[in-house]
Each structure stands twice: as structure tokens, then as C-alpha cells.
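Below: the structure, in C-alpha cells.
The values are calculated or read from the model by the stated rules, or taken from the named source; none is laboratory data. Remember, it's a predicted structure, so these values are computed and weren't measured experimentally. Cβ coordinates were reconstructed from backbone atoms using ideal geometry, including for glycine residues, and neighbour counts include every protein chain displayed.
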Amino acid sequence: MDQNQFLKELNEYSSVNKVIAVMSGKGGVGKSLVTSLLASNMARRGYRVAILDADITGPSIPQAFSLHGQTYATERGIMPSRSHLGIHVISLNLLVEDEKQAVVWRGPILADMVRQFWTDVFWDNIDYMFVDMPPGTGDVPLTVFQSLPVDGVVLVTSPQDLVSMIVAKAMNMIDMMKLPAIGLVENMSYFKCPNCGEEHKIFGESHIDEIAAQYGLSTLCKLPLDPELTKHVDGGTIEDYDPSLLDRMADEIEKL
């Protein structure tokens, strides 16, 4: 089956150069965090960057960037909100009156909303768009991979033993969609003691390098458990946190 037959066109006023999906096989591993840091990293490099928050039922991107209140529409389409660094963001939380309202929708409606984020929003000359995917391999990830011209996928994992199976499921989906995997980011890899500087493996020894090698990938970044990072996410100041931990991943994205 030709996957291109499902691709959706941007509206006539929009332009997006590269689309990067940030994916995890399970929830709670820091996918939205990695999306936010990668977007901040690329914005600091001088690129025009956007985030499409495809995690419709659990949108957390606006909170990380302190974006609140409803956006609006013009003749060019729905206007995305803009962060401090100028990152263009669209999320369901920016379209509803009450951002705490539960989204109780079936899969096809969620998928259609993601398609509208791509087609109905005014994406103004974007160099890199990061798509914050919902966890797993269900309706919405499938819609993103089929409807958007994805140029590469970043996989986010954690050090737990379960990660081998989770990575395998995600890689199988990526292979089915005939998309390139850019590399792995391991979140919560270690905790660095602020007093002695020693690194502690809270979730046990990592096996992610061996798992990556099985699929011909690189583990490009290992992120620590950092209370300061949590503080920035909760306070909506993620752009003030040093995004250089993801420099190697950003370098690979630039090569696309």
C-alpha cells in the first residue's frame, strides 16, 4: 500500500520544511519533555520551530511553555500560540475554554483533530516541526505517520527492564510505516548528587545501548533525573533550562 495516498496538504498559506515525530512506546517516560527541549534547542540555533501537540487527551506542552488562554483564527487559519523564544505551538488546551476539562473522545475524533492541527493551522515558514505523539501505537500515532510527511522519528525511553519490549513495538511500527528512526533518548537515566557529584542509577543499570545496537540506532542522549528540570516544566519556563543535553540529537536532526 502506498502510504503517500493518505498524506494531507497544508493550507495555502503554510510552509513546513521538516517534520520530526517524538514517540514513546509507553507513557510516563518524558516524551513531552524531550519534545520541549529539542524545540528549544533548535530555536536557540536560529531556526523557526513549531510544536504540534498530538497528545490530545494528555496535552502538557502549553504548561511547559506557560501558554494559556484560547488562540484565534484568521483568514490564514488558526493562529498558533508563540513561546518566549518564538516557538509556534498548537494544542487542544489552546482551543478550549477550560484547559482542565477532560477530553472523552473516541479514536477517530482524536485522529481527525490531529489532521486539523496540520491542515487548518497557519504554520508560518517553519523550519522544524516537532510532533509530540501520544504514547503507544494506536489510532493517533498511525494518523500522524500516514497524514503528515514525517522526516524522522525520535524514540524516548527509560532505563527499566520493560524498555526492550517497548522499543521493539515502536520500532516495528516505524518500520511498517517505512520511516527513518533518528535515534534514542533515554530519560531518567541517572541522578547526579549535587553534593558529591556521584551519579546514581535510580532505575538500575541501563541496557539501552545494547538495545539500540540491535536496531542499528544510536543512543544519542541520556537525560538525568533533575529536580531543576522538573521545576522549569512545572513553572512554564522550560526554555530557560539548558537544552544542550540534547545537542547530539539536534545535530542529527540538522543533517536530515
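Miscellaneous remarks
- Considering residues of region 219-252 that are surrounded by 15 or more Cβ atoms within 10 Å (Cβ to Cβ) and small (Gly, Ala, Ser) only, the residue nearest to Leu37 (Cα to Cα): Ala250
- When Thr74, Thr143 are screened for being of a type outside the set (D, E, K, R), crowded, with 22+ Cβ neighbours inside 10 Å and either over 17 Å from the mean Cα position of the chain (by Cα) or under 21 Å from Asn11 (Cβ atoms) (or both), only Thr143 passes.
- Exactly one residue among Lys178, Lys192, Lys255, Lys201 is in contact with an Asp or Glu (Cβ under 9 Å, 6 or more places away or on another chain) and surrounded by fewer than 19 Cβ atoms within 10 Å (Cβ to Cβ), and that residue is Lys192.
- In region 150-187, the residues that are modelled with pLDDT of 90 or more and part of a loop (DSSP other than H, G, I, E, B): Val150, Asp151, Met177, Lys178, Leu179, Pro180, Asn187
- Pick from region 77-101, criterion of a type in the set (S, T, N, Q) and modelled with pLDDT under 95, ranking: nearest to the chain's Cα centre (by Cα): Asn93
- Qualifying positions in region 94-140 - assigned to a helix (DSSP H, G or I) and farther than 21 Å from Val19 by Cβ: Gly107, Pro108, Ile109
- Residue count, region 222-253 (criterion: polar (S, T, N, Q) and part of a helix (DSSP H, G or I)): 2
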